[in-house]
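The values are calculated or read from the model by the stated rules, or taken from the named source; none is laboratory data. All of these numbers come straight from a predicted model, not from anything done at the bench. Don't worry about glycine lacking a Cβ; one is built from the backbone with ideal geometry, like all the others, and counts go over all protein chains shown. To get the accessible areas, we keep the full protein, side chains included, count just its heavy atoms, and leave off ligands, DNA and RNA. Shrake-Rupley method; radii C 1.70, N 1.55, O 1.52, S 1.80 Å.
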Amino acid sequence: MADIPSLETLRTQIERIDEDILDALQRRMALADDVARAKLVTAWPFRDPQREDLLLRKLRGRAAERGLDPHEVERLYRVILDMSVARQQALVTRLDTTPLRVGYLGVEGSYSHLAARQRYGHRPGGVLLTGFDTARQAVGALKQGEQDVLLLPIENTTAGSMNETYDVLAAGDAVITGEVVSQVDHRLLGVKGAKVEDLREVLSHPQALAQCEDFLHTHVPWARAVPGPDTAIAAQMVADRNDPAMAAIASESAAGRFGLVVLASNLQPAGADFTRFVEVARQPTPLAPEVPCKTSLLVVLEHRPGTLGQVLQRLTQRGVNLSKLESRPIPGAPWKYRFYLDVEGHAASAAVTAALEDLRPLTSSLRVLGTYPRAEPVDG
């Protein structure tokens, strides 16, 4: 029998390898601290399940190449990822200033994520971003104290209003504390080698599909539009399936995020396309008197003819400019509606206060959803 090292020698070699593994793990955890600081400065979420799934998929392949059990390696790395995230979150508690916890809809590369980075990136003290699948889930986290503010899309210049946001505001668990208007610049994304003429399915959020309806009808009328929960998730699905007959409508950031290529640009009608987001929190934020602001209202009108017309007339008489009017059905009350109104001015100003008093006799319910700084007008 060939010479076999003694058991003690083998155990010593294994212990040395274990020391190497621990040293590597220590270096990885040290990098996690730097990653946490970078995420806080640039407003990236601490945890992104989609990104982790991509990493684990690569690790399973590399493990198989080395003759290792890919499932066991995945189980090991899930523990390491949990350690890394816990390390990043622990860093937050050691900072001199506490970062703002901001919830948004979707995943990295979504338009909500890009708007959140635009608004909160490079904030002193840092920002901790968390993505949610739905506005209802996000408001639930806010209500439980797990988030400080949320940034929710509420309307788009092409596709109109986001009804879910209006509906969660009606629940009364949050108030509007700000708004931001962000430009939407869609791209048609596919895998490397894909061609527009070969596409059979185009995936995206229903709003994005509506915004690009003319392009799809003109350039790929044979392709089926497939709605999904988010533009970036659609891009991820295209990358995962690696099918040249599939494409996604999403941001250029999502293309880089998921390794896709841009098949077409300028998907929207002539003129810029913008989405308005509202920042919501549990409590209102004080405003300086000189800040140009907007007030959002939720009203349920008395059910008699001409009531809505009287509301508009009384706002006009008080010199209060109405910038938005939206109606939504009242759950459990067929053919009855509540109205969302945006007016210019502070709820405590003389003109708006007087207007609200004028409106009360016309309503069965009137609630101020928030007074907040008005976003700078954007020219299309």
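Details
- Net charge in the neighbourhood of Val300 (other residues with Cβ under 15 Å of its Cβ; Lys, Arg +1, Asp, Glu -1) is +3.
- Proximal charge balance of Thr12 [Cβ under 15 Å; K/R count +1, D/E count -1]: -3
- Shape of region 50-126, Cα gyration tensor, a/c cut at 1.5: oblate
- Radius ratio Rg over Rh of region 223-380, counting only Cα atoms, Kirkwood formula for Rh: 1.11
- Over all other residues within a Cβ to Cβ distance under 11 Å of Leu100, the charged ones net out to +1, with Lys and Arg as +1 and Asp and Glu as -1.
- Cross-link partners of Lys336 among aspartates and glutamates (Cα-Cα below 15 Å; sequence separation of 8 or more within a chain): Asp167, Glu302, Glu326
- Largest-first ordering by accessible area, 1.4 Å probe, given options Glu179, Glu19, Glu65: Glu65, Glu19, Glu179
- Of the whole protein surface, Arg16 contributes about 150 Å² of accessible area at a 1.4 Å probe radius.
- With the helix formula -39500 (n - 2.57) applied to DSSP H stretches of n ≥ 4, the chain reaches a computed 222 nm mean residue ellipticity of -13000 deg cm²/dmol.
- Equivalent ellipsoid semi-axes, region 245-310, via Cα gyration tensor eigenvalues times 5, rooted, Å: 40, 22, 14
- Computed with every protein chain present, the accessible area of Met237 is close to 60 Å² [probe 1.4 Å].
- Carbon + sulfur, % of accessible area of the chain - ligands and nucleic acids excluded, 1.4 Å: 53
- Rg/Rh ratio calculated on Cα atoms of region 163-296 (Kirkwood radius): 1.10
- Volume per residue of the C-alpha convex hull in region 90-173, rounded to whole Å³: 105
- Rounded accessible area of Asp240 (nearest 10 Å², 1.4 Å probe): 70
- Applying the Kirkwood pairwise sum to the alpha-carbon positions of region 3-144 produces a hydrodynamic radius of 17.6 angstrom.
- Under Karplus coefficients 6.51, -1.76 and 1.60, residue-wise ³J(HN,Hα) of region 317-327 in Hz, glycine/proline x: 4, 8, x, 9, 7, 8, 9, 7, 9, 9, 10
- Among the listed pairs Lys39/Lys195; Lys58/Lys195; Lys195/Lys324; Lys39/Lys143; Lys143/Lys294; Lys143/Lys192, those with a Cα-Cα distance over 32 Å are Lys39/Lys195; Lys195/Lys324; Lys143/Lys192.
- Angstrom value of the Kirkwood radius, inverse mean 1/r, which spans all Cα pairs in region 293-379: 13.4
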